[in-house]
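Read-outs: derived from the displayed coordinates by stated rules, not from any lab. Bear in mind that the values here come from a model prediction, so they are computed numbers and not experimental data. Quick reminder, even Gly has a Cβ in these numbers, built from the backbone with ideal geometry, and neighbours come from all protein chains shown.
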Amino acid sequence: MTWQPNGSALFIGGRWVAPQSGETLTVTSPYTAQPIATVPAASTGDMDAAVAAARRAFDGGDWSGTSLDDRMTVLRRLSDLLGERRDEIASVVTDEMGCPITLSRSMQAAGPKVVLDTFLELAPDYPWVSPREAATGRSVVYREPVGVVAAIVPWNAPLLISTIKLAPALLAGCTVVLKPAPETPLDAYLLAELLAEAGLPDGVVNVVPADREVSEYLVTHPGVDKVAFTGSTAAGRRIAALCGHDLKRVTLELGGKSAAVLLDDADVASAAESLRVGSFRNSGQVCSLKTRIVVPRSRESEFLEAFGAVVASMPVGDPADPETEIGPLVSARQRDRVEGYIAAGRDQGARVVLGGGRPDGPGDGWFVEPTVFAGVERSMTIAQEEIFGPVVSVLAYDDVEDAVAIANDSEYGLNGAVFTGDPERGLAVARRIRTGTVEINGSPVGFHAPIGGFKASGIGREAGPEGFDAYVEIKSVGLPQAFSPAG
């Protein structure tokens, strides 16, 4: 890794400052299982300092008091810097979490700039100020920044998810305490450098890696107005409970167990190829992946043959190799978790069509073979619980009613897909699937549309103009008949 973080400091108040304790977090390469960097682990005192810096920047108007145009100017500079440092960002994320480098360049490094540019495009048309006229009264409705935001992000797409939170929060005028995952703090350190170079005022964004206990302290901190969290449903439930006690604003983007439904008229070969990325992107470590594939019983064998050939063609190996499509899992603990689910699938009677073990030869890291199960019943553990690894279950159905029932038989409702030769028919089925996003024939919704989940997949939406909603409070002001405010 050519770029090295400031491994002895935290980014608080626009400066690199010494931590208040000697605790550290070690970043380990998932490919070599060897340490590659060390950063401070923030203490509760460090969190106090970070929140205080964000509070001063917000309450003093250093950011919240500026115009939207001024905020956009700074974030356009950040966008330029993200573009200039794209290759460096990709290498950092690949080193810290094992994402294959080709995907890192497109998703982990290019994605944050695309997200930021999308919010910059949407911001001028968002209804920050809305006059209202009615027989019952005259008013103006303001959407004002919610305040200090605690942004807590996971390890699987760390900079992309940070940007999905930071872009709308900063454009709205909020200030932020960014808490990266202990496994992947390095991209957040690089982001801090870019934010400072872009000219963000001191204290507007603070970067403080921390363990779970100190992260909970941040969630409950009285100086924090809103929590934006992406991660597991179990952690989301805990955060929701803590925020509920304090009546604190919270948005949660949580887990998924998404279903891809192949209708009987689907192009099986095309669907199988689409699911190369749709089911195995980032070595299976993406919450929106289609990990349940629901196929007509009459075409199950045809699909398994086509899909098995696709999965078998995916190279497993060094994430720094541009040819690699399946890299290591982020940690030994994650590999153990995934292997536990594979064992449960076997024990409950599902059949391993492909994979199911550890690959030979790709290094000392935490690899699991891309694995496809058939003969899966909807009640099985592997069909119900989020695995977060390269493991996919194929379930057979008898008719469309059965297919929709299987797709909806989940506590989650994050994503989904329908494959069909008739998009109109596919849309009708998509409307019946209880998830926040559904893709027809692999068509992505893009960042102009909101993303988020039904049921246990979360609360609130990110991306699209709706992405701003999480970072504003709505204020209505009644106006005298003869008065019209400027602006």
Subject >> Largest-first ellipsoid semi-axes for the chain, taking √(5λ) over the Cα gyration tensor eigenvalues, angstrom >> reply: 39, 29, 19
Original post:
Tell me, Kirkwood radius of segment 83-163 from alpha-carbon pair distances, in Å?
Top reply: 15.4 Å
Original post:
Per q in 0.19, 0.21, 0.26 1/Å, what log10 I(q)/I(0) does a Debye calculation on the alpha-carbon atoms of segment 28-76 return?
Top reply: -0.75, -0.78, -0.92
Original post:
In whole Å, what are the Cα extents of segment 258-440 along the three principal axes, biggest one first?
Top reply: 48, 32, 30
Original post:
Label Arg333 and Glu197 with points 7 Å out from Cα along Cα→Cβ: what is the distance between them in nm?
Top reply: 3.3 nm
Original post:
Can you give the FRET efficiency for Trp3 and Asp211, using 1/(1 + (r/R0)^6), R0 = 25 Å, r = Cβ-Cβ distance, to the nearest 0.05?
Top reply: 0.55
Subject >> Sequence-distant residues sharing a close amide H with Glu473 (under 5 Å, placed H) >> reply: Glu144, Val146
Subject >> Charged-residue dipole, Cβ positions (Lys, Arg, Asp, Glu), segment 258-440 about Cα centre, Debye nearest 20 >> reply: 420 debye
**OP:** Using a Förster distance of 22 angstrom, determine the FRET efficiency expected from the C-beta separation of Glu88 and Asp321, and round it to 0.05.
**Re:** 0.75
Original post:
Convex hull over the Cα atoms of segment 131-214, averaged projected area in nm²?
Top reply: 7.7 nm²
**OP:** Would you mind pulling out the separation of the Cα centroids of segment 256-316 and segment 187-219, in Å?
**Re:** 38 Å
**OP:** Quick one: which residues, 5+ away or cross-chain, put their amide H under 5 Å from the amide H of Val250? H built at 1.01 Å from N.
**Re:** Val227
**OP:** With a Förster radius of 45 Å, plug the Cβ-Cβ distance of Ala33 and Val477 into 1/(1 + (r/R0)^6) and report the FRET value to the nearest 0.05.
**Re:** 0.15
**OP:** Any chance you could give the angle, 0 to 90 degrees and rounded to 10, that helix 186-198 forms with the longest Cα principal axis of the chain?
**Re:** 40 degrees
